[in-house]
Amino acid sequence: DIMASRARRAALVVLAELMVHCHAYLTPSSLPLCTVAALNPFSPSLLAAHALRRDRSSGASTLCMVETVEGVAKNLEAVRTRIGELSAKCGIKEPRLVAVSKLQPDQLIVDAHAAGQKCFGENYVKELVGKAPGLPADIEWHFIGMLQSNKAKTLVSGVPNLAVVESVHSAKTASALEKACVGAGRTQKLKVMIQVLTSGEESKSGCDPEECTVIAQHIKDDCPLLELVGLMTIGKFGDPNPEPYFQVLKQCRARVAQSLGIAEDALELSMGMSGDYDKAIAAGSTSVRVGTSIFGLRPPKSS
């Protein structure tokens with residue numbers, strides 16, 4: 001087993017070295033660069049190694065390479081430019097860009113922050129609580145992952161600059177966040193969004209579309225330290241036509257606004273990620289969550 005493991009590692013090293021030498025010919029210039037970990041942690045020369053990733057929109061395999069500071073800044077500027085172009089074409093205000101940094105090295109977040117990015121999105125409570133204290137204090141953290149009620153206290157108390165929780169999927173979760181804000185002595189209201197399950201996938205979190213008005217009313221009536229600022233959704237993975245999911249979220253917003261007696265545009269629409277934010281903007285998104293187009297391929301999550 002030891003010999004086999006060494007052989008596999010040696011093979012990976014050889015493959016990586018070949019990819020390093022060939023990247024100028026194989027990397028598509030039209031795609032942003034991606035970050036990958038070195039295949040052999042004991043070989044510094046492999047920090048520039050390439051790796052294959054799967055492009056969600058086309059299904060094609062593309063080559064990615066380790067980012068530099070300039071690479072992150074360049075990718076960030078490209079995304080911002082694209083968002084600006086799409087917004088101008090649709091005649092709408094540019095949506096907020098939330099840079100999704102889950103599982104990414106702290107240095108890449110620092111690089112993006114140095115390039116002017118202030119809003120970052122994280123999916124895991126433990127990871128965010130661990131990394132936030134060591135990163136710039138003016139970062140506005142958006143929690144966008146599944147939030148268990150028993151983790152609300154850890155999240156709120158551990159991240160003083162938590163700006164928005166986009167994944168409130170039940171009245172129970174809202175109540176847990178309210179209690180956590182009280183316990184942490186938070187005086188500024190915590191902004192929240194209701195996550196709506198628009199695709200019907202059991203693997204995803206979110207409330208049923210019919211439940212969003214009940215949750216919204218609960219937040220308004222029973223959670224004085226929470227401020228409902230919008231609704232969020234994630235389209236069906238791999239579906240090239242995400243528009244129906246975006247339309248469901250817009251319909252939910254209309255119902256919530258009517259129920260609360262406020263204007264629809266008082267509620268944000270957080271929809272659109274790296275693979276479909278262009279279509280989300282066309283559908284009226286006010287906040288897009290983009291990760292791989294900025295930072296590149298995510299390292300695997302450790303157990």
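The values are calculated or read from the model by the stated rules, or taken from the named source; none is laboratory data. This is a predicted model, so every value here is computed, not measured. All Cβ positions, glycine included, derive from the backbone under ideal geometry; neighbour counts span all protein chains shown. In case anyone asks, the SASA skips ligands and DNA or RNA and just uses the protein heavy atoms, side chains included. Shrake-Rupley method; radii C 1.70, N 1.55, O 1.52, S 1.80 Å.
Once all protein chains are placed together, residue 175 keeps about 50 Å² accessible to a 1.4 angstrom probe.
Accessible area per residue for region 232-303, computed on protein heavy atoms with a 1.4 Å probe, is 44 Å². Surface listing: 234, 262 arranged by accessible area from highest to lowest gives 262, 234, probe 1.4 Å. Computed over protein heavy atoms with a 1.4 Å probe, the carbon and sulfur contribution to the accessible area of region 163-303 reaches 51%. The mean accessible area for residues of region 151-201, using a 1.4 Å probe and ignoring ligands and nucleic acids, is 40 Å² per residue. Between residue 70 and residue 92, full extension at 0.36 nm per residue minus the direct alpha carbon distance yields a gain of 4.9 nm. With a Förster radius of 22 Å applied to the beta-carbon distance between residue 221 and residue 251, the computed FRET efficiency rounds to 0.45. Computed from the Cα positions only, the extents of region 128-181 along the three principal axes stand at 32, 16, 15 Å, in decreasing order.
When the square roots of the Cα gyration tensor eigenvalues are ordered a ≥ b ≥ c, the ratio a/c for region 263-303 is 1.5 or more and a/b exceeds b/c, which makes its shape prolate. Note on residue 263 and residue 202: the model spin-label points, each 7 Å out from Cα along the C-beta direction, lie 4.3 nm apart. One decimal place: the segment residue 241-residue 282 gains 13.5 nm when fully extended, by the rule 0.36 nm per residue minus the C-alpha distance. Taking amide H positions as modeled 1.01 Å from N, with prolines and chain starts lacking one, the residues under 5 Å from residue 227 and 5 or more places away or on another chain are 190, 191, 192. Database remark: amide H of residue 232 closer than 5 angstrom to the amide H of 194, 195, 196, 270 (H placed geometrically; neighbours at sequence offset of 5 or more, or on other chains; Pro and chain starts carry no H). Residues in region 108-117 carry Karplus couplings, in order, of 5, 5, 4, 4, 5, 4, 5, 8, x, 7 Hz; the curve used is 6.51 cos²θ - 1.76 cosθ + 1.60 with θ = phi - 60°, and Gly or Pro positions show x.
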